[in-house]
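First comes the structure, then the notes that go with it.
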């Protein structure tokens, strides 16, 4: 499994952050930490985060508020930490968008196992077979393992949703995907947003990877049908 995923751990107890960070980093993950809800959102908006471990009881913004704000724009996997073990608390967490939960006190080893399992479920269908894809003599390079995209040698930052959409297209070159298909594959069948949000994501991706977004050479619009990725491989590495 790809260990170059970026994990955001949010908890107001420094000792918990230290232990969880140490265990996740030992397993090969890149870890960001935050001790309050506002800091968590700031990190999430700046970095490409692939999974969030989120405590419910936080200063400034509660875990529920953070989860709701993130769910308004992203389907990034979220594991909630709660000090309560009752059924209502767990149901509430799932209902506002959590994918999994752990009750405090918890085993750091179990958390790592849950993180890896949730990442496998969330990203297994979106990855091409090769680790590094190189297009047009280095004009565009996509390092799947490290989640790094370079345009003419410079790193470009894609959001989690943009990366999901791009990797789906990369994994299926020349295949036309409708907006509805991209929504289902990238965000899941329970996604409640509008399929037209795909157009916004595609527009943003084009601005980051195309020479001229108005005349794209990678992500092509098939009018009345959807989008497809045009590959021009010069090098593929395992």
Please state which one of 64, 110 is surrounded by 19 or more Cβ atoms within 10 Å (Cβ to Cβ) and at pLDDT 75 or above. 64
Can you confirm whether region 49-56 contains a residue that is in contact (Cβ under 8 Å) with a residue 12 or more places away in the chain and surrounded by fewer than 20 Cβ atoms within 10 Å (Cβ to Cβ)? no
Evaluation of residue 121 against (1) loosely packed, with under 15 Cβ neighbours inside 10 Å; (2) at pLDDT 85 or above; (3) assigned to a helix (DSSP H, G or I) (one fails), failing number: (2)
What helices (runs of 4 or more DSSP H) lie completely within region 1-75 and have 2 or more residues being within 23 Å of residue 144 (Cα to Cα)? 14-26, 37-46
Some residue of region 185-195 being modelled with pLDDT of 85 or more and surrounded by 13 or more Cβ atoms within 10 Å (Cβ to Cβ): no
From the list 173, 213, exactly one residue is in a loop (DSSP other than H, G, I, E, B), more than 24 Å from residue 51 (Cα to Cα) and modelled with pLDDT of 90 or more. Which is it? 213
Of the residues that sit in region 137-160 and are at pLDDT 85 or above and not in a strand (DSSP E or B), which one is surrounded by the most Cβ atoms within 10 Å (Cβ to Cβ)? 158
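The values are calculated or read from the model by the stated rules, or taken from the named source; none is laboratory data. Keep in mind the model is a prediction, meaning the values are calculated, not measured. A quick note on method: Cβ atoms are made from the backbone with ideal geometry, for glycine too, and the neighbour counts reach across all protein chains shown.
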